[in-house]
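The values are calculated or read from the model by the stated rules, or taken from the named source; none is laboratory data. Not measured: the values here are computed from a predicted model. Virtual Cβ from ideal backbone geometry, glycine too; neighbours counted across all protein chains shown.
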Amino acid sequence: MLRLHYTSQSPFSTDSVALTDGFLKWTLINARSVCNKLNEFYHLLYGCSFDVILVTETWLTSKFPDSLLDPDNKFTVFCHDLQHQRGGGGVCVLVSRRCTAVDVTLSNNCDLEMCCVDINCFDKTCRAVVVYRAPDDNSMPGIVDQLSSLLDVKGPCIIADDVNCSNINWVSLEGPSEPTQYT
C-alpha cells in the first residue's frame, strides 16, 4: 500500500511516497538549484531516511562534483547535468548504498534531461526515471520515444518528472493526442 506524504517544512517542493517495511522510501523534489540549498539538501539525504531521491531542476553543471551532493558517501549519485546555458534544468537520482544501482544508457537522445537507473534491493529490481523539460522546449516527442524504450522491461518502473505541460487538464486527465502538441 502506498501512502503519500506532503512536507511543507522543506524549502524544496516535495512529493514523497513511503512504503511499509521491506520496501523503499522514495521522494521527488524540484530543487530549483541544489547549490544554494545544500544544508537543506543534506538534511533531506541524512535526516529523512529516504532510499531513493529523484531531483528535477538541479541547476548543476559539470563544474559541481557529484561528491559534493553526498559528502558522507551514503548514496550512489547519478546526474545528468545542464547541457544548456539557459539556466534551470538538470536531473539527478540518488540511491542508498544499501541497494545496488546501475545507470541505464539512454538511446540516441543524449540531449534530453533524463536520468534512468535500475535499482536492486530486497532481491527485486525496479527502474527509476527522472525527466525535466523546460516550458519552451520542443523535446516532448523525444521524451515519449525514450520513455517507450525504457519501459520495455520486466518489473516496476517509476517515472518522476517536471515536464511543464500547461495544456494538460490534470482534473480530467485529458491532453493533446500528439506529443508535438504539448506546451
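Quick check, is SER8 at pLDDT 85 or above and part of a loop (DSSP other than H, G, I, E, B)?
no
Taking the stretch 29-59 as the search range and keeping residues that are of a type outside the set (Val, Ile, Thr) and surrounded by 21 or more Cβ atoms within 10 Å (Cβ to Cβ), which one is nearest to PRO71 (Cα to Cα)?
PHE41
Let me spell it out: the conditions are (1) surrounded by fewer than 16 Cβ atoms within 10 Å (Cβ to Cβ); (2) modelled with pLDDT of 85 or more; (3) small (Gly, Ala, Ser); (4) under 27 Å from PHE75 (Cα atoms), and SER107 meets all of them except one. Which number is the exception?
The single condition SER107 does not satisfy is (2).
Go through the stretch 88-104 and give me each residue that's at pLDDT 95 or above and in contact with a Leu (Cβ under 6 Å, 6 or more places away or on another chain).
VAL93
Just a yes or no: is a residue in the stretch 29-39 under 22 Å from GLY155 (Cα atoms) and touching a residue at least 60 places away in the same chain (Cβ under 8 Å)?
Among the residues of the stretch 29-39, not one is under 22 Å from GLY155 (Cα atoms) and touching a residue at least 60 places away in the same chain (Cβ under 8 Å), which makes the answer no.
List every residue pair whose Cβ atoms lie under 6 Å apart, where the two residues are 6 or more positions apart in sequence or sit on different chains, the first residue falls within the stretch 133-154 and is closer than 16 Å to THR56 by Cβ, and the second residue, located anywhere, is surrounded by 13 or more Cβ atoms within 10 Å (Cβ to Cβ) and among the hydroxyl-bearing types (Ser, Thr, Tyr).
From the stretch 133-154, the pairs are ARG133/SER139; MET140/TYR182.
Find the residue count for the stretch 155-181, including only residues that are free of Cβ contacts under 8 Å to residues at least 40 places away in the same chain, within 24 Å of CYS115 (Cα to Cα) and either touching a Leu at 6+ places or on another chain (Cβ under 8 Å) or not charged (D, E, K, R) (or both). Walk me through how you get there before you give the answer.
First, pick out the residues of the stretch 155-181 that are free of Cβ contacts under 8 Å to residues at least 40 places away in the same chain: 155-157, 159, 163-179, 181.
Subset that is within 24 Å of CYS115 (Cα to Cα): 155-157, 159, 163-166, 168, 178-179, 181.
Subsequent filtering for residues that are either touching a Leu at 6+ places or on another chain (Cβ under 8 Å) or not charged (D, E, K, R) (or both) retains 155-157, 159, 163-166, 168, 179, 181.
Adding up the residues that qualify gives 11.
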